[in-house]
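Engineer: Structure provided below as structure tokens; questions to follow.
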Amino acid sequence: MQAEDILKEIEREAEDKKYHINQRCTEDLNRIKLELEIKKTEEKNRITEEAEEDIRHTGTQMMGRARLSQKLKLMEKRKELIDSLIDNGVKKFLTSKDYEKFLESAFKNTYKKDMSISIRKDDKKAEAFLKKKKIKPSHAKITGGFIFTDKKIHINKSFDLHLEERRDEIEREIAEMIEM
């Protein structure tokens with residue numbers, strides 16, 4: 001009966017940590033949205049000025065092309081802005097306490113004795129975390145988090161996978177903010 005109670009407690013703690021990590025991700029997303037608003041206004045003004053200049057110098061035969069060009073530039077800049085905001089958000093996350101919680105949760109919910117662990121080279125937070133556990137990691141081309149290996153089974157708990165799963169949602173939210 002005690003094992004069931006311990007298992008329930010572990011599950012409750014895991015859910016609690018998952019909730020807090022999700023809360024932090026939401027807070028990070030809100031910060032990204034705020035940065036986006038500022039960059040959006042600056043970028044919109046710059047793009048508008050460039051487009052107006054293009055239109056002034058373009059003859060009436062070129063008006064259709066200028067509009068198309070403006071839309072393409074806007075789409076490209078929007079994509080660059082979204083990518084930049086996400087990259088900045090990731091960089092901030094990887095230096096935050098939330099990242100340490102992400103590592104702890106991934107480790108706690110996955111690691112089993114005799115597993116090997118791969119991390120990003122020069123990931124100081126992951127290195128420090130594993131050093132406390134007396135585990136020597138190998139290196140992998142990931143942004144952050146861990147890749148666990150047990151014989152031939154690889155368990156990907158990298159931040160890359162986490163971000164990939166949410167990227168479409170994040171891009172959609174940012175794009176909606178740009179349209180406001």
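Engineer: In segment 101-115, how many residues are of a type in the set (Asp, Glu) and either in contact with a Leu (Cβ under 7 Å, 6 or more places away or on another chain) or over 25 Å from ASP16 (Cα atoms) (or both)?
Structural biologist: Total meeting the criteria: 1.
Engineer: Could you count how many residues in segment 128-140 are surrounded by fewer than 15 Cβ atoms within 10 Å (Cβ to Cβ), out of contact with any Ser or Thr (no Cβ under 9 Å at 6 or more places or on another chain) and within 22 Å of VAL90 (Cβ to Cβ)?
Structural biologist: 1
Engineer: Of all residues in segment 17-40, count the ones that are farther than 16 Å from LYS97 by Cβ, free of Cβ contacts under 8 Å to residues at least 12 places away in the same chain and over 15 Å from the mean Cα position of the chain (by Cα).
Structural biologist: Result for segment 17-40: 2.
Engineer: Taking SER118 as the residue in question, decide whether it is surrounded by fewer than 15 Cβ atoms within 10 Å (Cβ to Cβ), hydroxyl-bearing (Ser, Thr, Tyr) and over 22 Å from LYS17 (Cα atoms).
Structural biologist: Against the criterion (surrounded by fewer than 15 Cβ atoms within 10 Å (Cβ to Cβ), hydroxyl-bearing (Ser, Thr, Tyr) and over 22 Å from LYS17 (Cα atoms)), SER118 does not qualify.
Engineer: When segment 128-160 is examined, which residues are found to be touching an Asp or Glu at 6+ places or on another chain (Cβ under 7 Å) and hydroxyl-bearing (Ser, Thr, Tyr)?
Structural biologist: THR143
Each value in this text was obtained by applying a stated rule to the coordinates, not by laboratory testing. Treat the numbers as computed from the prediction; the structure is a model and nothing was measured. As a convention, Cβ positions derive from the backbone with ideal geometry for all residues, glycine included, and neighbour counts pool all protein chains shown.
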